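A.B. asks: The structure that follows is given in the form of structure tokens.
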Amino acid sequence: MRRGLELFAAISLLGFAGLLFYGRNFSRFVEAMLSLHWGWVLAGLALASADWIGGGLRLWILTRHVHPGASLRGAILAGGLNTWASFLTPSQTGGGPMMIYTLKRWGVPIPEAMISSLMTFVATVVFFAVAGPVAVLLGAGRSLEQHGVLGEAITLYDLFNLSLAGFILIGGVILFLIAFPELARRLAQAVVGLLGSRGGAQLAGRLQSLREGIDRSHECLVAFFRGRGWLYLAAAVLVTPLTFANRLAAGYVVLKMLGIHQAQFVDVVLLQTLITFLLYFAPTPGGSGLAEVLSAAVMSIYVPRELTPSYILLWRIVVCYLTVAVGSVIFWGWLKGAESSIAEGD
């Protein structure tokens with residue numbers, strides 16, 4: 001995590017320096033930062049908490065179905081630290097393990113925590129796979145068709161539809177796997193059995209606990225598709241917009257901070273959805289470097305060149321820098337507490 005934070009900071013700094021050079025108007029950057037619309041700045045600061053509050057509320061709803069004693073405070077920390085760890089690891093791979101680790105600290109067994117984490121991803125994919133086509137059918141984003149990306153061959157609206165198709169495809173794969181949970185359990189048990197045949201007695205004892213965990217995870221997964229489990233999953237899908245409010249609405253709020261008023265809210269949300277989807281696959285921590293360049297390119301239809309550095313800096317502060325700062329303080333506080341306990345012999 002420390003190395004991820006170092007890379008995240010270094011690449012982000014280089015990316016922002018490149019944007020300052022691209023803007024070619026440092027005095028305009030300073031002027032823009034000193035003349036922000038502070039009401040919208042406060043809105044952006046509030047929006048930055050959506051990863052924690054929205055993500056935590058959704059996780060709490062799901063976890064309570066398989067572990068009724070789940071703590072709301074622990075879920076909020078798990079939701080925020082999930083985003084924090086995602087920003088510090090390539091392709092956001094650290095988010096899930098950090099969510100599970102945090103839930104475990106707050107008393108949720110690992111099998112229940114694993115399935116709850118999985119179901120948050122399911123809720124995310126279901127939301128985008130359903131809300132995206134509905135928005136398209138209602139005519140949202142048509143004005144983006146006039147803005148080309150590669151000449152006139154591909155428009156921003158085309159790119160949004162491609163990203164939407166990606167969400168639908170991923171959703172289909174997940175639903176297929178969920179539809180056959182017994183198959184997934186058997187495959188996992190087969191892998192454990194293969195490891196056990198090549199290990200000693202000490203490993204065999206640990207693998208038995210792993211087998212039991214797989215069985216419990218299977219039970220938790222099936223529980224979401226029986227009876228009240230559907231209600232918990234539906235509630236999580238409905239809360240998902242709050243979970244992603246930061247990433248989807250930050251672009252519009254930052255435009256307002258800078259006094260740019262011609263952008264339509266729905267169009268900006270669609271563009272932020274495109275950016276969010278593409279950054280899932282970024283190989284750098286938090287999409288650093290790519291996020292700055294991608295957002296600058298996509299949002300150039302609204303943001304003048306001289307305001308691009310201001311926009312990107314404010315956007316990254318709202319979307320990730322604040323979460324990275326708060327998450328780092330919390331996590332390294334935990335590590336110091338653990339070191340103190342070890343030193344005291346606890």
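A.B. asks: If we keep just the residues of segment 30-46 that are closer than 13 Å to L255 by Cβ and among the aliphatic types (A, V, I, L, M), which is surrounded by the most Cβ atoms within 10 Å (Cβ to Cβ)? It would help to see each step written out before you state the result.
C.D. replies: Quick first cut of segment 30-46, residues closer than 13 Å to L255 by Cβ only: 32, 36-37, 40-41, 43-44.
If we keep only those that are among the aliphatic types (A, V, I, L, M) as well, we get 32, 36, 41, 43.
Values: A32: 22, L36: 17, V41: 17, A43: 19.
Among them, the one singled out is A32.
A.B. asks: Let me ask something else. Report those helices (runs of 4 or more DSSP H) wholly inside segment 1-119 carrying at least 1 residues which are in contact (Cβ under 8 Å) with a residue 40 or more places away in the chain and within 21 Å of P309 (Cα to Cα). Write out each step before concluding.
C.D. replies: On the way: elements: 2-23, 26-34, 38-47, 50-66, 72-87, 95-105.
Ranges flagged: 2-23, 26-34, 38-47, 72-87.
A.B. asks: Regarding S27, is this residue at negative phi and either under 18 Å from the mean Cα position of the chain (by Cα) or among the small types (G, A, S) (or both)?
C.D. replies: On the way: at negative phi: yes; either under 18 Å from the mean Cα position of the chain (by Cα) or among the small types (G, A, S) (or both): yes.
Yes, satisfied.
A.B. asks: Now for a separate question. Answer yes or no as to whether A249 is out of contact with any Phe, Trp or Tyr (no Cβ under 6 Å at 6 or more places or on another chain), at pLDDT below 60, over 17 Å from V66 (Cα atoms) and assigned to a helix (DSSP H, G or I).
C.D. replies: Details: out of contact with any Phe, Trp or Tyr (no Cβ under 6 Å at 6 or more places or on another chain): yes; at pLDDT below 60: no; over 17 Å from V66 (Cα atoms): yes; assigned to a helix (DSSP H, G or I): yes.
No.
A.B. asks: From the set of residues in segment 265-290 that are of a type in the set (A, V, I, L, M) and within 12 Å of R247 (Cα to Cα), which is surrounded by the fewest Cβ atoms within 10 Å (Cβ to Cβ)?
C.D. replies: As a first pass, look at segment 265-290 and keep what is of a type in the set (A, V, I, L, M): 266, 268-271, 274-275, 278-279, 282, 290.
After this cut, where a residue has to be within 12 Å of R247 (Cα to Cα) as well, the list is 268-271, 274-275, 279.
Numbers: V268: 22, V269: 20, L270: 26, L271: 26, L274: 22, I275: 24, L279: 23.
Checked segment 265-290; the qualifying residue surrounded by the fewest Cβ atoms within 10 Å (Cβ to Cβ) is V269.
The values are calculated or read from the model by the stated rules, or taken from the named source; none is laboratory data. Remember, predicted model here, so these are calculated numbers, not experimental data. A quick note on method: Cβ atoms are made from the backbone with ideal geometry, for glycine too, and the neighbour counts reach across all protein chains shown.
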